[in-house]
Amino acid sequence: MGNEIVINVRPYETRVALLENKNISEIYIERASDRGLIGNIYRGRVKKILPGMQVAFVDIGFERSGFLHHRDVTVRDKDFMPGFNETTGPDQGEDADTLFGGDIESTMRPKTPAPIENLLTNGQEIMVQVIKEPIGGKGMRLGSYITLPGRYLVFMPMIDQIGVSRRILDTDERERLRSIVAELRNPDKGYIIRTAAETVSREELKKDIDYLNRAWEGILAKNERSRAPTVIYSDLDIILRSLRDLSQRELGRVTIDSPEDYERCVEFINNFIAEPRPGIELYSSMEPIFDSFGLEMEIERALGRRVWLKSGGFIAIDQTEALTAVDVNTGKFIGKRSQEETILKTNLEAVKEIVYQLKLRNIGGLIILDFIDMEKEQSKEMVYNSLEQALTTDRSRTRILRVSEFGLVEMTRKRTRENLSRVLNHPCPYCEGKGVVKSPETVCYEIFREIERCAFRNPIGKKILLEVSHRIANAIYENENEFLEKLESERNYKISIKSISRLQGDQFEVTVLDAG
């Protein structure tokens, strides 16, 4: 059975889930208040150039400017990059084939890009495309090498190159496609041949090229008559984008719960998806579609820190600004024969769950996997090989190092969009994102020290009003009342405690009242 796409559409939010073997593999969420920007093209204005970092900040109409690295600057098109005739090169990498993470043959970065201060000037208006969404504290990443994805091709109007998807394995087919595109393309224009183009006829490829050429001409025309900052081209919404980009993955069925978007999907599949086309079904049951497919529970599970394994072991996932740490534990699993066998079985089971969680949560950047220590080199090799094999199904580019003597595996995973936790969660306002709060005992003693300060600064006062949360009030009455009475006697103050519902955790207020 092929993969499935399940689409849940609501006025406030659209969710797209990719199912592999009936299990959710990837989840994409787009909210009405935060529409996706990747692939959009803007006419922007250079606000600031930082030679020391080789980046420029470009205003494209948002509160936060996007950043443009000198490796992502083209100076080929004089229509919107006047005064230069030098060409550097694009950063296409593995993302160009699909905007959800692609399968391009090779990276096309320039080897010796020119310094950014030689390419741009403050106040200059340029055409840029969003490469990456804002992630964490970073602004959106921009590039002036434009790419337009079509049905079978990705058009690169500023690159004189032809690439072929590395998922097309047949050598003769690769050469056939390359020669057709080379014959049909306009001079100095580049294309990446997508996986969906395999076995496609010359006529179909020509239609795609003609469509992309018309789209590009329209973009250039709008760019000419526009003033920065303004949007020139918007990519497909998340529903059609998911069909375009995920349909190459042996897609068998699409299920959607919106009648209006169902009609759009039918038209898009018939016009843009190659044979064999997936079936599409309009979900009409009153039960929420994600509940019916058992997806809500998996999404909730993906937000937890601890994930249990079938054997009784578990993995703990901790995400920080710098890296993600994954710790493997035997938990309730005690094994049957030897300790080494128990540890190896837990580690091997954890490998599959780790890869699944990395994809589902869309965790990127530096990742440290802390496997349970193994004594035998053979066991370490088995875990490494299992991890390497499991990552072959991950469309994001990954790199792993071998198991260290401490049982650690260092790996990187290409980060293309915000991870699931950041999309659905926000830092706790009480612990300020630390993940822990002060114990009631600690807060009580902080309060006592603050009372002493207040009494020192106001020696003529007679009363102190202490406003605390219910939890801290109970802690004072039950465990710390003796120290409070002693403090009253030493400082000659009457201390009143008031429980306030609006105060939470370690919040408290100390107020000195006059004698009246």
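Filtering region 382-419 to residues that are β-branched (V, I, T), over 20 Å from the mean Cα position of the chain (by Cα) and within 13 Å of I354 (Cβ to Cβ) leaves V383, V409. Looking across region 1-17, the residues that are part of a strand (DSSP E or B) and either over 19 Å from the mean Cα position of the chain (by Cα) or within 22 Å of P276 (Cβ to Cβ) (or both) come down to N3, E4, I5, V6, I7, N8, V9, R10, V16, A17. Take the residues in region 224-269 that are of a type in the set (D, E) and out of contact with any Gly (no Cβ under 7 Å at 6 or more places or on another chain), then tell me which one is modelled with the lowest pLDDT. By that ranking, first place goes to D245.
Note on region 153-204: residues that are open to solvent by 70 Å² or more (accessible area, probe 1.4 Å) and touching a residue at least 60 places away in the same chain (Cβ under 8 Å) amount to 2. When region 474-507 is filtered for residues that are open to solvent by less than 60 Å² (accessible area, probe 1.4 Å) and touching a helix residue (DSSP H, G or I) at 6+ places or on another chain (Cβ under 7 Å), the ones remaining, listed by number, are A475, I476, E480, L484, L487, Y493, I495, I497, S499, D506.
The values are calculated or read from the model by the stated rules, or taken from the named source; none is laboratory data. No experiment lies behind these values; they were computed from the predicted model shown. No Cβ is skipped: glycine too gets one built from the backbone with ideal geometry, and neighbour counts run over all protein chains shown. Protein only, heavy atoms only, side chains kept; ligands, DNA and RNA dropped before computing areas. Shrake-Rupley method; radii C 1.70, N 1.55, O 1.52, S 1.80 Å.
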